[in-house]
1. In the stretch 72-89, how many are assigned to a helix (DSSP H, G or I), in contact (Cβ under 8 Å) with a residue 12 or more places away in the chain and either surrounded by 20 or more Cβ atoms within 10 Å (Cβ to Cβ) or within 14 Å of the chain's Cα centre (by Cα) (or both)?
2. For residues in the stretch 107-120 being within 10 Å of the chain's Cα centre (by Cα) and not small (Gly, Ala, Ser), which is farthest from Arg215 (Cα to Cα)?
3. Here are some conditions: (1) surrounded by 13 or more Cβ atoms within 10 Å (Cβ to Cβ); (2) within 26 Å of Leu172 (Cα to Cα). Phe145 meets all but one. Which one does it not meet?
4. Whether any residue in the stretch 62-71 is surrounded by 12 or more Cβ atoms within 10 Å (Cβ to Cβ), polar (S, T, N, Q), modelled with pLDDT of 90 or more and not in a loop (DSSP other than H, G, I, E, B) is what I want to check.
5. Under the condition of being in contact with a helix residue (DSSP H, G or I) (Cβ under 9 Å, 6 or more places away or on another chain), charged (D, E, K, R) and in a helix (DSSP H, G or I), which residue from the stretch 37-61 is farthest from Arg104 (Cα to Cα)?
6. Among the residues of the stretch 121-145, which ones are under 11 Å from the mean Cα position of the chain (by Cα) and among the hydroxyl-bearing types (Ser, Thr, Tyr)?
Amino acid sequence: MNLLELQRRMFEDVRRPLTSDFAMQQKTEDGRSISELAESYVKPNDRLTSFERLEIYNRQYWFRTIAAVSEDFPALAAVLGSKRFDSLVLAYLKENSSTSFTLRNLGARLPRWLEDHPEFAPTRHALVLDVARLEWAYVEAFDKFATAPLTLEDFANLGDDSKLFLQPHLQLLDLRYPVDELVLAVHKEAPPSDIASNAVSERKQKSRSGLPRMRRSAIHLAVHRFDNSVYYRRINREAFLLLSALQQQHTLAEAMELAFAGSQLSPEAQAQKIQDCFAHAAELGWFCRQHVDLTGLQK
């Protein structure tokens, strides 16, 4: 076995998925004994067999990747409990192994993956999905870049056929539960400037310890970054639809039509909602010029 073959053998064995009880598998996919494979290139010592020494590296690899995902989803872990959460992450990583040089991206597909795996929380699947979506939105809002917001002169030149671009860090979520409250409860040990939500101002009392009880109540959230802190801002349905349409690159006229399709509001009430939405979004710097990513391609 030359050096390249040894590296490939080690790479394959270290990344081999663990069993359900977090141990190294006994056989390969084609039925070969992993103990025999380990003996072919791992020297035993007076305390550990070749298999046991290899298992240490195998488990370390998976425990590190599980920990990396866990760091991004603490509220999901709190809802599920540590044992069930660890099993969920292990199952997820078996199907979505690391493909990037950075551990940051490991959890990117978890919210979508959870949609097809209700078995981890059959009676609370919708709640678990909302928590996962919000926690990944936090990661995206914290990491994605910001660009210069539009000026008053920029707004003066807009017309019905104009398109507005939103800050890359802005995440828009349509949720079935008020999970911003739950995530804030889990993050209560973090400094106040790290994460904030206007849900706090909407609730007059919030004194109970532990996780707040979640009752189904649809909310719309804008998750955004300001001065290196991430904020959760509740917005009304029309503002969510309007901003989502703009984010999907509809023109101003199209976005306003989509936001109020089937609405029973009077024209005056619709105009007021549009004015309020644009005023708040502009004040927070959500509108920006067309931007490019790090490869130079327009986004």
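1. Summing the residues that are assigned to a helix (DSSP H, G or I), in contact (Cβ under 8 Å) with a residue 12 or more places away in the chain and either surrounded by 20 or more Cβ atoms within 10 Å (Cβ to Cβ) or within 14 Å of the chain's Cα centre (by Cα) (or both) in the stretch 72-89 gives 9.
2. The extreme case among them is Arg109.
3. (1)
4. No, because not a single residue in the stretch 62-71 is surrounded by 12 or more Cβ atoms within 10 Å (Cβ to Cβ), polar (S, T, N, Q), modelled with pLDDT of 90 or more and not in a loop (DSSP other than H, G, I, E, B).
5. Glu39
6. Tyr138
Residues are listed down the side, and each one gets a yes or a no for (1) touching a Ser or Thr at 6+ places or on another chain (Cβ under 7 Å); (2) at pLDDT 50 or above; (3) outside any helix (DSSP H, G or I):
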site: Lys204; (1), (2), (3): no, no, yes
site: Leu211; (1), (2), (3): no, yes, yes
site: His220; (1), (2), (3): no, yes, yes
site: Tyr232; (1), (2), (3): yes, yes, yes
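Residue-wise test of (1) assigned to a helix (DSSP H, G or I); (2) in contact (Cβ under 8 Å) with a residue 24 or more places away in the chain; (3) of a type in the set (Phe, Trp, Tyr).
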| residue | (1), (2), (3) |
| --- | --- |
| Leu4 | yes, no, no |
| Arg9 | yes, yes, no |
| Gln25 | no, no, no |
| Ser35 | yes, no, no |
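The values are calculated or read from the model by the stated rules, or taken from the named source; none is laboratory data. The shown structure was predicted, so the numbers you read here are calculated from the model rather than taken from an experiment. Reconstructed Cβ throughout: ideal geometry from the backbone, glycine too, with neighbour counts over all protein chains shown.
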